[in-house]
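Worksheet for the structure shown next.
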Amino acid sequence: MSEKLSTQCCVVGGGPAGLMAGFLLAGAGVDVIVLEKHADFLRDFRGDTIHPSTLRLMEELGMLDEFLKLPHHRAYELSAQIGERRYKVADFSSLPGKCNFIAFMPQWDFLDFIAEHARALPNFRLLMRTAAENLLFDGDRVCGVSATGPEREQKIEAKLVIAADGRGSHMRDDAKLPVEDFGAPMDVLWFKLPRKETDPDESFGRLAPGRMLVMIDRGAYWQCGCVIPKGGAEELREKGIEAFRESIARLTPFLGDRVETLKEWSDVNLLTVQVNRLKTWSRPGLLCIGDAAHAMSPVGGVGVNLAIQDAVAAANLLAEKLRNNALKDDDLAAVERRRAFPTRVTQAIQLAVQNRVVRSVLSAEKPLEPPLALRLFNAVPLLRRFPAQLIGLGVRPEHIELNRDASSA
């Protein structure tokens, strides 16, 4: 027998976009249910970069100092190494205020932090181990979701369903929202390697003919992303894990004494890169945000932060109308109008980097020549402020505009 629940807003997906949207809406007095299909947030190799834009939001919420007590590593600049020379690309310390760095933090710590604060609100419910199965319809209008919980099936009626269930969103498929796909020339293999005190003390990328490696300093270990040609993972697996270890050691010699910790291919996770976005982010009763609305390239590591910006915009624009049961279809379209421009600009930049830089590096057979832009960033420190602004704060960053006392009204 199924259980029936009712709420003003049902958020599908307990990732950064979904939890942040649910937390902000509940804090503004909206009754919210968030559905998360897993029992916890402990999944590795997710987006672990907390950019200055997100740190500023935590500051606006009065939570920054508490948040930064969680274990994290701070990066005040990013660089790229070609051959034996390192080029500085972005200087986040140039950003105004104290949120002038990228915080590398396991995503599960970030999600646990938001969930803990959200659970303190009387009108917030987080249902773990509860998978949304299908949208419920009243004619053409979405009016809720059916879900499978740990003990029984559930039907959740809602004035609004927010789909934040990622790039493989079942909710957007169920709503038959068309997707525009832009493709990508690469995939990424993620893995961990031990870090030593004598290693470089910053996160960076290393480029060589046919190979790219991104290394994120996580204190005790390096989180590494090996960029490979699209669809090339199976060919690498056929050559064996030892050949892969050797290629990493050749590309980054100081890792040669620890690549043996990659025992088998189960130690390596494949990220199939997608770049796409919905042609329309909503239909009556349903709004898609985050990766469900636009899957981002890993270039710049901005996907998580763009998703959080979507959540803030949605809460800013919809909270009062949801709370007063006055939500209209055009209110959902207003969220898309607000967030479509930064999404398009960011994806355009990512696609340009993919097609002009990543593709050429992966297909190169001769020693690489650093691009003019890279040489300029390295030679003129002032220029590093531009990529810092673009990566760190993004296009049209959002701010908290909600009445946080509404939940106690």
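Among the conditions (1) among the acidic types (Asp, Glu); (2) surrounded by fewer than 21 Cβ atoms within 10 Å (Cβ to Cβ); (3) in contact with a Phe, Trp or Tyr (Cβ under 6 Å, 6 or more places away or on another chain), the only one that residue 48 does not satisfy is (2). With respect to the conditions (1) farther than 24 Å from residue 207 by Cα; (2) more than 18 Å from the chain's Cα centre (by Cα); (3) not in a loop (DSSP other than H, G, I, E, B), residue 311 lacks only one, and its number is (2). The residues of the range 199-247 that are under 19 Å from residue 78 (Cα atoms) and among the hydroxyl-bearing types (Ser, Thr, Tyr), listed by number, are 203, 221. Selection of the range 105-131 for residues being assigned to a helix (DSSP H, G or I), farther than 26 Å from residue 222 by Cα and not acidic (Asp, Glu) yields 115, 117, 118, 119.
Here residue 256 qualifies as surrounded by fewer than 16 Cβ atoms within 10 Å (Cβ to Cβ), of a type outside the set (Lys, Arg) and either under 19 Å from residue 215 (Cα atoms) or in the same structural domain as residue 177 (by TED's automatic domain parsing) (or both).
When the residues of the range 123-135 are filtered to those that are closer than 16 Å to residue 7 by Cα and in contact with a helix residue (DSSP H, G or I) (Cβ under 7 Å, 6 or more places away or on another chain), the one that is surrounded by the most Cβ atoms within 10 Å (Cβ to Cβ) is 132. Among the residues making up the range 179-234, those that are over 20 Å from residue 297 (Cβ atoms) and charged (D, E, K, R) are 192, 195, 196, 197, 199, 201, 202, 217, 218, 234. Only residues that are crowded, with 18+ Cβ neighbours inside 10 Å, within 13 Å of residue 9 (Cα to Cα) and out of contact with any Pro (no Cβ under 8 Å at 6 or more places or on another chain) were counted in the range 136-178, giving 11. Residues that are out of contact with any helix residue (DSSP H, G or I) (no Cβ under 9 Å at 6 or more places or on another chain) and at pLDDT 95 or above: does the range 97-114 have at least one? Scanning the range 97-114, I find at least one residue that is out of contact with any helix residue (DSSP H, G or I) (no Cβ under 9 Å at 6 or more places or on another chain) and at pLDDT 95 or above, so the answer is yes.
Within the range 329-382, being of a type in the set (Val, Ile, Thr) and in a loop (DSSP other than H, G, I, E, B) holds for one residue alone: 380.
All of 249, 220 fail the test of being touching a helix residue (DSSP H, G or I) at 6+ places or on another chain (Cβ under 6 Å) and not assigned by TED's automatic domain parsing to the domain that holds residue 43, apart from 249.
Entry remark, the range 25-37: residues being crowded, with 24+ Cβ neighbours inside 10 Å and closer than 10 Å to residue 124 by Cβ number 7 in total.
Say we look at the range 317-328 and pick out the residues that are part of a helix (DSSP H, G or I) and more than 24 Å from the chain's Cα centre (by Cα); which of these is surrounded by the most Cβ atoms within 10 Å (Cβ to Cβ)? Going through the qualifying residues, I end up with 322. For the range 385-404, a tally of residues being over 12 Å from residue 53 (Cβ atoms) and touching a strand residue (DSSP E or B) at 6+ places or on another chain (Cβ under 6 Å) returns 1. Which condition number does residue 169 fail, the rest of (1) under 30 Å from residue 234 (Cβ atoms); (2) among the polar types (S, T, N, Q); (3) free of Cβ contacts under 8 Å to residues at least 60 places away in the same chain being met? The number of the failed condition is (3).
Annotation note: of 342, 371, 387, the sole residue that is surrounded by 14 or more Cβ atoms within 10 Å (Cβ to Cβ), closer than 25 Å to residue 183 by Cα and not assigned by TED's automatic domain parsing to the domain that holds residue 60 is 371.
Working only within the range 259-279, note down all residues that are among the polar types (S, T, N, Q), assigned to a loop (DSSP other than H, G, I, E, B) and crowded, with 17+ Cβ neighbours inside 10 Å. Break it down into steps so the answer makes sense when it comes.
First pass over the range 259-279, keeping only residues among the polar types (S, T, N, Q): 261, 266, 269, 272, 274, 276.
From what is left, the residues that are assigned to a loop (DSSP other than H, G, I, E, B) are 272, 274.
If the condition is that a residue be among the polar types (S, T, N, Q), assigned to a loop (DSSP other than H, G, I, E, B) and crowded, with 17+ Cβ neighbours inside 10 Å, then 274 is the only one that fits.
The values are calculated or read from the model by the stated rules, or taken from the named source; none is laboratory data. What you are looking at is a predicted structure, and each value in this text was computed from that prediction instead of being measured. No Cβ is skipped: glycine too gets one built from the backbone with ideal geometry, and neighbour counts run over all protein chains shown.
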